[in-house]
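Asks: The structure's right below; bear with me while I get my questions together.
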Amino acid sequence: MALQAIAFYLMAAVTLGSGIAVVSAKNPVHSVLFLISAFFSAAGLFVLLGAEFLAMLLVVVYVGAVAVLFLFVVMMLDVDFAQLRQGFARYMPLGGAIAGGLAIEMVLVSTAVATNGAARLNDTPMAAGAHAPLGVTNAEAIGRVLYTNYVYFFQAAGLVLLVAMIGAIVLTLRHKPGVRRQVIMDQVLRTPKTGMRMVSPKQGEGTDA
Amino acid sequence: MPWIASITRDNPILWFALTFGQIVVITIVLLLVVAFMIYGDRKVFAGVQMRKGPNVVGPFGLLQSFADLGKFLVKELVVPAGADKIVFLLAPLISVTLALGSWAAIPLAPGWVVADINVGILYLFAVSSMGVYGIIMGGWASNSKYPFLGALRSAAQMVSYEVSIGFVIITVILLGGSMSLPRIVELQAGGFWNWNILGGGGLKNLPLALVMIPMGVIFFISGLAETNRPPFDLPEAESELVAGYAVEYGSTPYLLFYLAEMSNILLMSGLMAVLFLGGWQAPFPTPFTASWAPWAASLFGLMWLVLKTAFILFMNAMVRAVVPRYRYDQLMRLGWKVFLPTALVAVAIVAGWRVYA
């Protein structure tokens, strides 16, 4: 148990420290790197909770894909640091209010879970601190809940993502006239017969081909 | 290993010591294997070009990699003036840590895996998807044009091919119904007709070979792209970017990058062997190992894993030697327009087969 406690406090400290560093780092690339560190130690906290499936998904999705794109964009931006600093005082109250609201929400949720137990499954509240039944892996437990009780929400979330994806494609896809596009089929189907023409020009005349 | 569990049931310190010992042993063996793998790679490359390859240091040039290692280590470490020093030095460390850390979840022999996590395959996927950070950070921190271009290329390339690798892995998960790598290997027991590349279930699932063989090929090619191997070595294309993200690196940091790249190639080959070619299972039924001592059975299994991995490494070296480098737009087209739709259809077919057949 002591080992787990040490691991928890270590990773919680890293998460919080990186979270603060994300907003306080001067260089935006460093901010993103700290964000990655925060994601990663949050995944470690998930593992400690026994939610290894969620932990791996957090790393795959956020660290492996989302943050790479962040980094990609931030690296290519030409950021004016002085201008970035200017807005700090103006946005501070709003940011603080949102952070406070989230903190209150988290406290409320935690106390609710601590007193009333975790999620309701089939209208029977699970005891506080209860784990999935033995012999059922993490992924299986999530799958059972996701595809039975919450299948409509799950499908709705999928639809939202699909719409977002189509929207991104529609916004960026432009067919400019006059742009020559590569047609792979034509290139692959090209043979010596279609791609080559033999001419025998007379001496001193040349050829138009 | 089971015997470790039996010894260390109520002694966490002993458990820690034994696990730590395994990690140390595996890391050392891995580094030695990588050294000889580089030698073999160069020999194959040379053989294809009718050269002799490394043949001076040691018998048949076997110690060439160690000579190179010594040379890298004694060179001076140069950090470019405009570089972001911390990130510059952190990048190769991250690369090599991730590359070696992935081996924790690979089942090496019957019942022998350092960390038997029930989402082992996802762990590997997660770790390999983080591998891109070493390259991006190195390229950015160098504060130089070629490394930056190399880093951007590699970021786009690795993210793209990860998607198709993910879907290929899903087909394998669907075949076995488990995300634990030891379990996936166990299910492929009893001969090569039970391997996942042939449908993973004997004659009954043989029609799935029509789907799984292409999936194996996609995994192999995506693995090449993921590890920045030729013909997909655009992040370090020497004809365009000099050496890509590694231009400003020399000495030990470069050695770490090189080590990370090579052990990632080894990992991809090992993963291909585990996911598609039955891991440590022999290609024929092995009822006779039941009466063997556990260590003998383990060695027997390890031998098959090594043979399969070596075969895939050989294919890797041959591809490097005979295939010219891809153009960048063709690379992206291959990833997004060919592999991704194919893998998606394959996921649907395999899922349908699992439910209805």
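The rows are residues; the columns are (1) on the phi < 0 side of the Ramachandran plot; (2) free of Cβ contacts under 8 Å to residues at least 12 places away in the same chain; (3) more than 19 Å from the chain's Cα centre (by Cα).
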| position | (1), (2), (3) |
| --- | --- |
| B:G202 | no, no, yes |
| B:L206 | yes, no, yes |
| B:F219 | yes, no, no |
| B:S222 | yes, no, no |
| B:N228 | no, no, no |
| B:L234 | yes, no, no |
| B:A237 | yes, no, yes |
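Asks: Condition check: surrounded by fewer than 24 Cβ atoms within 10 Å (Cβ to Cβ), within 30 Å of A:V29 (Cα to Cα) and out of contact with any Asp or Glu (no Cβ under 7 Å at 6 or more places or on another chain). Does B:L152 satisfy that?
Replies: yes
Asks: Still on this model: If you go through region B:95-110 one residue at a time, how many are crowded, with 22+ Cβ neighbours inside 10 Å and either part of a helix (DSSP H, G or I) or within 13 Å of another protein chain (Cβ to nearest Cβ) (or both)?
Replies: The total comes to 6.
Asks: Here's another thing I want to ask about it. For residues that are more than 7 Å from chain A (Cβ to nearest Cβ) and open to solvent by less than 30 Å² (accessible area, probe 1.4 Å), scanning just region B:111-130, find the one that is farthest from B:L90 (Cα to Cα).
Replies: Only one residue fits best here, namely B:V113.
Asks: To continue, here is another question. Examine region A:169-182 for a residue that is closer than 30 Å to B:W336 by Cβ, hydrophobic (A, V, I, L, M, F, W, C) and surrounded by 10 or more Cβ atoms within 10 Å (Cβ to Cβ), and state whether such a residue exists. Quick ask: steps written out before the conclusion?
Replies: Quick first cut of region A:169-182, residues closer than 30 Å to B:W336 by Cβ only: A:169-182.
Now narrow it down to the ones that are hydrophobic (A, V, I, L, M, F, W, C): A:169-171, A:173, A:179.
Add one more test, that the residue is surrounded by 10 or more Cβ atoms within 10 Å (Cβ to Cβ), and what stays is none.
Checking region A:169-182: not a single residue is closer than 30 Å to B:W336 by Cβ, hydrophobic (A, V, I, L, M, F, W, C) and surrounded by 10 or more Cβ atoms within 10 Å (Cβ to Cβ).
Asks: Kindly indicate whether any position in region B:186-201 is within 30 Å of A:G50 (Cβ to Cβ), modelled with pLDDT of 85 or more, of a type outside the set (S, T, N, Q) and buried (at least 19 other Cβ atoms within 10 Å of the Cβ).
Replies: No; the residues of region B:186-201 include none that is within 30 Å of A:G50 (Cβ to Cβ), modelled with pLDDT of 85 or more, of a type outside the set (S, T, N, Q) and buried (at least 19 other Cβ atoms within 10 Å of the Cβ).
Asks: I've got another one for you. Residues that are within 30 Å of B:K337 (Cα to Cα), among the hydroxyl-bearing types (S, T, Y) and not in a helix (DSSP H, G or I): does region B:217-225 have at least one?
Replies: no
Asks: Name the residues in region A:18-53 that are closer than 17 Å to B:V119 by Cα and in contact (Cβ under 8 Å) with a residue 40 or more places away in the chain, would you?
Replies: A:L48, A:G50, A:A51, A:E52, A:F53
Asks: OK, next. If you scan region B:131-147, which residues turn out to be in a helix (DSSP H, G or I), closer than 17 Å to B:N228 by Cβ and within 11 Å of another protein chain (Cβ to nearest Cβ)?
Replies: Answer for region B:131-147, where residues must be in a helix (DSSP H, G or I), closer than 17 Å to B:N228 by Cβ and within 11 Å of another protein chain (Cβ to nearest Cβ): B:V132, B:Y133, B:I135, B:I136, B:M137, B:G139, B:W140.
Asks: Quickly run through region B:49-61 and pick out the residues that are loosely packed, with under 14 Cβ neighbours inside 10 Å and under 23 Å from B:P231 (Cα atoms).
Replies: Keep residues of region B:49-61 that are loosely packed, with under 14 Cβ neighbours inside 10 Å, which gives B:49-52, B:56, B:59.
Passing the criteria: B:Q49, B:M50, B:R51, B:K52.
Asks: Next question. Considering region B:202-213 alone, what residues qualify as being crowded, with 17+ Cβ neighbours inside 10 Å and under 15 Å from B:V347 (Cβ atoms)?
Replies: B:L208, B:V211, B:M212
Asks: Given (1) at pLDDT 85 or above; (2) under 28 Å from A:V29 (Cβ atoms); (3) surrounded by fewer than 21 Cβ atoms within 10 Å (Cβ to Cβ); (4) away from chain A (no Cβ under 13 Å), identify the lone condition not met by B:L90.
Replies: (4) is the only condition that B:L90 fails.
Asks: Looking at B:M158 and the list (1) open to solvent by 10 Å² or more (accessible area, probe 1.4 Å); (2) more than 17 Å from the chain's Cα centre (by Cα); (3) within 14 Å of chain A (Cβ to nearest Cβ), which single condition is not satisfied?
Replies: The failed condition is (2).
For every residue, the table says whether it meets (1) in contact with a helix residue (DSSP H, G or I) (Cβ under 8 Å, 6 or more places away or on another chain); (2) over 28 Å from B:D329 (Cβ atoms).
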site	(1), (2)
B:E186	no, yes
B:G223	yes, no
B:E226	yes, no
B:P231	yes, no
B:L234	yes, no
B:G244	yes, no
B:L255	yes, yes
B:L266	yes, yes
B:M272	yes, no
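Asks: Report the residue count in region B:307-345 for those that are open to solvent by 80 Å² or more (accessible area, probe 1.4 Å), at pLDDT 85 or above and within 14 Å of another protein chain (Cβ to nearest Cβ).
Replies: Adding up the residues that qualify gives 4.
Asks: Got at least one residue in region B:164-178 being at pLDDT 85 or above, facing chain A (nearest Cβ under 9 Å) and on the phi < 0 side of the Ramachandran plot?
Replies: The answer is yes, given that some residue of region B:164-178 is at pLDDT 85 or above, facing chain A (nearest Cβ under 9 Å) and on the phi < 0 side of the Ramachandran plot.
Asks: Any residue in region B:334-355 that is of a type in the set (G, A, S) sitting within a Cβ distance under 8 Å of a residue that is open to solvent by 30 Å² or more (accessible area, probe 1.4 Å)? List the pairs, counting only those 6 or more apart or interchain.
Replies: Taking only residues 6 or more apart or on different chains, the pairs are B:G335/B:V163; B:A343/B:F167; B:A346/B:F167; B:A346/B:P214; B:A351/B:L174.
Asks: Could you say which residue among A:M76, A:M106, A:M56, A:M92 is within 30 Å of B:S164 (Cα to Cα) and without any contact (Cβ under 8 Å) to a residue 12 or more places away in the chain?
Replies: Numbers: A:M106 fails: within 30 Å of B:S164 (Cα to Cα); A:M56 fails: without any contact (Cβ under 8 Å) to a residue 12 or more places away in the chain; A:M92 fails: within 30 Å of B:S164 (Cα to Cα).
Checking each option against the conditions leaves just A:M76.
Residue by residue, here is whether (1) touching a Gly at 6+ places or on another chain (Cβ under 9 Å); (2) among the hydrophobic types (A, V, I, L, M, F, W, C) holds:
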site	(1), (2)
B:F219	no, yes
B:D233	yes, no
B:E236	yes, no
B:L241	yes, yes
B:L259	no, yes
B:L275	yes, yes
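Asks: Restricting to region B:64-87, name every residue that is among the β-branched types (V, I, T), farther than 15 Å from B:S251 by Cα and open to solvent by less than 70 Å² (accessible area, probe 1.4 Å).
Replies: Passing the criteria: only B:V87.
Asks: Turning to a different aspect of this structure: Quick one: which of B:W295, B:W304 is in contact with a Phe, Trp or Tyr (Cβ under 6 Å, 6 or more places away or on another chain), surrounded by fewer than 23 Cβ atoms within 10 Å (Cβ to Cβ) and part of a helix (DSSP H, G or I)? It would help to see each step written out before you state the result.
Replies: Working: B:W295 fails: in contact with a Phe, Trp or Tyr (Cβ under 6 Å, 6 or more places away or on another chain).
One residue alone meets the criteria, B:W304.
The values are calculated or read from the model by the stated rules, or taken from the named source; none is laboratory data. Quick caveat, the model's predicted, so the values are computed rather than measured. Heads up, the Cβs are rebuilt from the backbone with ideal geometry, glycines too, and the neighbour counts pull from every protein chain shown. Accessible surface areas use protein heavy atoms only, side chains included; no ligands, DNA or RNA. Shrake-Rupley method; radii C 1.70, N 1.55, O 1.52, S 1.80 Å.
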